């Protein structure tokens, strides 16, 4: 890996080839390129991509919208690095074998809303009953989703009433997805008694005990 100062000459040559007058270490900026009356191009140099370099770049955005981060090796998680730089409006330059190449130009970030994911988010929020999960990571019990809540209502009803037909279970448990839940049996909580009739399994009873203790 080259020294940080070894990155300067290739980056300077890259900018000068585009008509910029380039100087190093100007008011704390590693590289500054000026071309006519255009806003300056600022490049911050680091041997490897890291948080410190990103913070420097973000700080330089208060001076110019044309800020690049230049590193002396390809980042290991290049896809994520490109995504981060794009969202922050930073450019990215890779310096290798005395050559500097622009990987990403700084552009204003305009996120595209994923309507499918947004719909799933709102649907889960609307279907979930109450607020059973504490925000933040937790390994104590599995995450309580709206799907799991419906499965628990079905299991509780079958545990107290015995085997039931799907139509009756759907209505009594207030579970619109009851048929899919018991037929797919993701958690192993249900067992088929006969066509269209289901009962709770031993695993289902244990599941009810686990979630009852967790919510106590």
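For the stretch 40-69, which residues satisfy the criterion of being touching a helix residue (DSSP H, G or I) at 6+ places or on another chain (Cβ under 9 Å) and within 20 Å of residue 109 (Cβ to Cβ)? Even if it seems obvious, please write down each step before you answer.
So in the stretch 40-69, the residues touching a helix residue (DSSP H, G or I) at 6+ places or on another chain (Cβ under 9 Å) come out as 41-47, 49, 54, 57-58, 61, 67-69.
Selection gives 41, 42, 43, 44, 49, 54, 57, 58, 61, 67, 68, 69.
For the stretch 42-72, what are the residues that are part of a strand (DSSP E or B) and closer than 22 Å to residue 3 by Cα?
Restricting attention to the stretch 42-72, the residues satisfying the condition of being part of a strand (DSSP E or B) are 42-46, 66-71.
Hits for the stretch 42-72 are 42, 43, 44, 45, 46, 67, 68, 69, 70, 71.
List the residue pairs whose Cβ atoms are under 6 Å apart, where the first residue sits in the stretch 115-132 and is under 18 Å from residue 174 (Cβ atoms), the second is at pLDDT 85 or above and part of a helix (DSSP H, G or I), and the two are 6 or more positions apart or on different chains.
Once the first residue is under 18 Å from residue 174 (Cβ atoms) and sits in the stretch 115-132, its partners that are at pLDDT 85 or above and part of a helix (DSSP H, G or I) give 124/146; 127/146; 128/146; 129/149.
Filter the stretch 70-84 down to residues that are touching a helix residue (DSSP H, G or I) at 6+ places or on another chain (Cβ under 8 Å) and farther than 22 Å from residue 23 by Cα and give me whichever is surrounded by the fewest Cβ atoms within 10 Å (Cβ to Cβ).
Of all residues in the stretch 70-84, those touching a helix residue (DSSP H, G or I) at 6+ places or on another chain (Cβ under 8 Å) come to 70-72, 75, 84.
Add one more test, that the residue is farther than 22 Å from residue 23 by Cα, and what stays is 75, 84.
Working: 75: 19, 84: 15.
Only one residue tops the list, namely 84.
Within the stretch 109-122, is even one residue more than 18 Å from residue 51 (Cα to Cα) and over 20 Å from the mean Cα position of the chain (by Cα)? I'd like the intermediate steps shown before the answer.
Kept after step one, since they are more than 18 Å from residue 51 (Cα to Cα), are these residues of the stretch 109-122: 109-122.
Subset that is over 20 Å from the mean Cα position of the chain (by Cα): none.
So far as the stretch 109-122 goes, no, none of its residues is more than 18 Å from residue 51 (Cα to Cα) and over 20 Å from the mean Cα position of the chain (by Cα).
Among the residues of the stretch 94-136, write down those that are surrounded by fewer than 11 Cβ atoms within 10 Å (Cβ to Cβ) and within 11 Å of residue 146 (Cβ to Cβ).
125, 126, 130
Would you call residue 32 in contact with a helix residue (DSSP H, G or I) (Cβ under 8 Å, 6 or more places away or on another chain) and either surrounded by 12 or more Cβ atoms within 10 Å (Cβ to Cβ) or in contact (Cβ under 8 Å) with a residue 12 or more places away in the chain (or both)? Full working, then the answer.
On the way: in contact with a helix residue (DSSP H, G or I) (Cβ under 8 Å, 6 or more places away or on another chain): no; either surrounded by 12 or more Cβ atoms within 10 Å (Cβ to Cβ) or in contact (Cβ under 8 Å) with a residue 12 or more places away in the chain (or both): yes.
Criteria not met by residue 32.
Could you list all residues from the stretch 36-52 that are loosely packed, with under 15 Cβ neighbours inside 10 Å and either in contact (Cβ under 8 Å) with a residue 60 or more places away in the chain or within 14 Å of residue 13 (Cα to Cα) (or both)? Explain how you work it out, then say what you get.
In the first step, residues of the stretch 36-52 are kept if they are loosely packed, with under 15 Cβ neighbours inside 10 Å; the result is 36-39, 48, 50-52.
Once the filter is applied, which keeps residues that are loosely packed, with under 15 Cβ neighbours inside 10 Å and either in contact (Cβ under 8 Å) with a residue 60 or more places away in the chain or within 14 Å of residue 13 (Cα to Cα) (or both), the stretch 36-52 yields nothing.
The values are calculated or read from the model by the stated rules, or taken from the named source; none is laboratory data. Source: prediction; values computed, not measured. A quick note on method: Cβ atoms are made from the backbone with ideal geometry, for glycine too, and the neighbour counts reach across all protein chains shown.
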